[in-house]
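Before any comments, here is the structure.
The values are calculated or read from the model by the stated rules, or taken from the named source; none is laboratory data. Just so you know, these numbers come straight off a predicted model, no measurement behind them. Virtual Cβ from ideal backbone geometry, glycine too; neighbours counted across all protein chains shown. Side chains included, ligands, DNA and RNA excluded: accessible areas come from the protein's heavy atoms. Shrake-Rupley method; radii C 1.70, N 1.55, O 1.52, S 1.80 Å.
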Amino acid sequence: MTNRHHRHRHRPVRSRAGALSAAAVLLAAAGCASATATGAGDAGGGPGRGGTLVVGATGKLPNPDTVIGGAGFEGKRLVSFQIYEGLTRYELLKDTDRPPVVTGALAESWQVAADAKTWTFTLRKGVTFQDGTPFDADAVIFNLARYLDKRSPEYTDALGAAAKEYAGDIVSYRKTDADHVELVTAEPNGHFPEDLAHVLIASPTAVRKTGSANFSQHPVGTGPFAFASQTEGKEIDLVANPSYWRGAPKLDRLVVKSLPDAAARTAALRSGGVNWIEYPNPDDIDSLKADGVRIATNSYDHLWYWILDTAKAPWNDPRVRRAANYAIDRKAIAEKLLHGTADPAQQAAPRATSAYDPAGDTYGHDPAKAKQLLAEAGLAGGFSTSVTVPTGGSGNLLPVPIAEAIQRDLAAVGIKVELRTTDWSTLIGAEAKGQVALGSDAIAQSTTLFQSEALLPLFIGSKSPFWTGHYANPQVDALLASASASPDRQKRQADYRKALSLVTQDAPWLFVVNDRNPRALSPKVEGLVQPQSWFLDLTTVRVRP
């Protein structure tokens with residue numbers, strides 16, 4: 001017999017509840033660690049083992065119940081992806097000079113039928129959860145029901161909302177035999193294998209034992225590290241999973257601490273309280289290097305930008321939006337303010353994505369051209385506007401200093417900007433409701449555009465539930481739809497490149513910088529492979545005694 005679950009509905013317009021849960025996922029950060037560390041952070045493990053890695057993260061830590069998360073992609077890379085896996089995963093240890101591809105994880109392989117909607121996954125044999133119970137087709141069906149079937153005893157509204165962006169298009173799923181499952185999407189979805197890297201699989205036995213309400217206190221997956229303990233939102237302790245199907249990680253333990261203050265992260269690194277920190281303050285990098293700290297960087301899918309209200313004058317005039325883009329000295333921001341930890345963003349597509357076109361870099365620093373465009377728009381005397389800026393948060397680099405630099409550049413061409421600051425949670429919470437915190441004409445933020453293709457319509461699609469500055473372009477919508485429907489990766493890349501070229505010309509945003517994902521590592525930390533990705537494979541890392 002086979003198990004089948006159905007949810008009949010049309011392809012959804014992304015719900016605001018789902019968008020709110022996705023907001024934390026979409027907006028992620030970078031990191032760091034120390035040279036003179038001699039304390040707990042550099043503690044070695046037993047003989048022949050890899051020691052304890054202690055990471056200082058930039059924000060609160062995620063809810064460790066599978067997809068709920070809530071701490072952006074930083075939380076996913078440091079915690080969720082270490083405890084759990086999906087049917088697929090990102091290949092993060094190879095070809096680090098290009099964006100990572102999706103490969104098999106709990107599924108060895110997959111096929112899509114001619115309808116481009118029916119997917120059959122061949123499951124990996126011999127995998128066990130960290131509690132010793134076997135992974136199998138029943139476990140996949142159990143987890144999908146937990147996310148998608150309101151009749152499931154393990155379903156919760158929080159799980160359903162969080163799973164929507166990656167699993168929301170699944171209309172049926174069934175076990176065809178012990179080694180295969182069939183998943184059907186509402187419409188053709190060419191990036192479905194990528195989506196499933198984010199649909200994390202938990203131990204059914206563990207979930208039933210604790211119930212969904214308490215599973216976050218005792219999470220169990222198949223990943224390289226198993227949960228040991230936590231101080232909710234502040235610290236999570238993990239231990240190596242010796243039975244991990246790809247081979248046990250080199251580390252004995254992985255400890256992730258919430259250290260949102262950049263100065264506190266650097267101090268912890270120097271004192272030995274941690275041996276790795278995410279996103280060091282760029283002003284500290286030279287002194288950290290002098291202490292022997294390694295600063296690891298690589299381009300990845302990141303854009304720091306301002307979303308402009310294109311429905312409100314004068315931002316409703318593309319000449320004005322282009323003028324503002326020409327006014328910005330991105331090179332100075334990237335090289336002087338951020339000390340080379342970011343690259344200038346002269347187009348909508350981040351550099352480390354397949355949509356990036358080197359010939360498409362449009363917005364250099366050209367104040368004369370900016371003034372000319374403003375004059376053509378009837379604004380030779382300039383105008384006043386406002387922007388809401390987060391004081392920190394995942395992936396936001398140095399948001400207030402960056403915004404102040406932009407403020408000075410815009411003032412030089414006659415655009416007077418009032419900066420209004422708020423905390424990150426308030427900004428993205430309002431944005432997910434279709435609003436702007438503090439009622440400004442723009443918001444500043446960072447995000448990913450292509451690390452997860454399913455999320456791209458939330459930023460440039462005309463039907464997004466997010467506040468996107470009311471940007472809409474039917475050609476962009478058509479290209480996104482064409483790309484999404486195709487399982488041909490090269491066709492999707494070509495469509496995305498065309499779509500982002502249109503966004504560049506429409507200039508609904510101020511394109512500022514692409515982060516280079518800096519993190520600081522104690523000299524005792526070895527084996528890190530830094531991919532062009534928000535995410536990391538920590539199985540190769542070790543800490544010398």
(message) Of all residues being acidic (Asp, Glu) and in a loop (DSSP other than H, G, I, E, B) in the range 352-383, which is nearest to Pro314 (Cα to Cα)? Just the residue, please.
(response) Asp366
(message) Condition (residue is assigned to a helix (DSSP H, G or I) and open to solvent by 10 Å² or more (accessible area, probe 1.4 Å)) applied to the range 297-320: is it met by at least one residue?
(response) yes
(message) Which residue is most open to solvent (accessible area, probe 1.4 Å), if the candidates are limited to the range 127-152 and must be of a type in the set (Val, Ile, Thr) and outside any loop (DSSP other than H, G, I, E, B)?
(response) Thr128
(message) at negative phi, in contact with a strand residue (DSSP E or B) (Cβ under 6 Å, 6 or more places away or on another chain) and not in a helix (DSSP H, G or I): is that true of Thr388 in this structure?
(response) yes
(request) Tell me which residues, restricted to the range 495-529, are assigned to a loop (DSSP other than H, G, I, E, B), within 30 Å of Lys289 (Cβ to Cβ) and modelled with pLDDT of 95 or more. (result) Ser522, Pro523, Lys524, Gly527, Leu528, Val529
(request) Counting only residues that are in contact with a helix residue (DSSP H, G or I) (Cβ under 8 Å, 6 or more places away or on another chain) and open to solvent by less than 20 Å² (accessible area, probe 1.4 Å), give me the strands (runs of 3 or more DSSP E) lying completely in the range 49-126 with at least 2 of them. (result) 52-57, 88-90, 118-123
(request) Might you check whether a residue that is open to solvent by 10 Å² or more (accessible area, probe 1.4 Å), assigned to a loop (DSSP other than H, G, I, E, B) and over 25 Å from Thr341 (Cα atoms) occurs anywhere in the range 420-434? (result) yes
(message) Return the pair list, or none, for Cβ contacts closer than 8 Å from residues in the range 223-238 that are under 29 Å from Gly126 (Cβ atoms) to residues that are crowded, with 22+ Cβ neighbours inside 10 Å and hydroxyl-bearing (Ser, Thr, Tyr), at least 6 apart or on different chains.
(response) Gly223/Tyr84; Pro224/Thr539
(message) Looking at the range 168-225 only, could you name the residues that are over 20 Å from Gly132 (Cα atoms), among the small types (Gly, Ala, Ser) and surrounded by fewer than 17 Cβ atoms within 10 Å (Cβ to Cβ)?
(response) Ala213
(message) If I ask for residues that are assigned to a helix (DSSP H, G or I) and among the hydrophobic types (A, V, I, L, M, F, W, C), which ones from the range 153-202 would you list?
(response) Ala158, Leu159, Ala161, Ala162, Ala163, Ala167, Phe192, Leu196, Ala197
(message) I'm trying to understand the selection: among the residues of the range 506-532, which are closer than 19 Å to Trp304 by Cβ and either crowded, with 24+ Cβ neighbours inside 10 Å or touching a Gly at 6+ places or on another chain (Cβ under 7 Å) (or both)?
(response) Ala507, Pro508, Trp509, Leu510, Phe511, Val512, Val513, Asn514, Asp515, Asn517, Pro518, Arg519
(request) Mind listing whichever residues of the range 272-296 are open to solvent by 40 Å² or more (accessible area, probe 1.4 Å), in contact with a helix residue (DSSP H, G or I) (Cβ under 8 Å, 6 or more places away or on another chain) and among the hydroxyl-bearing types (Ser, Thr, Tyr)? (result) none
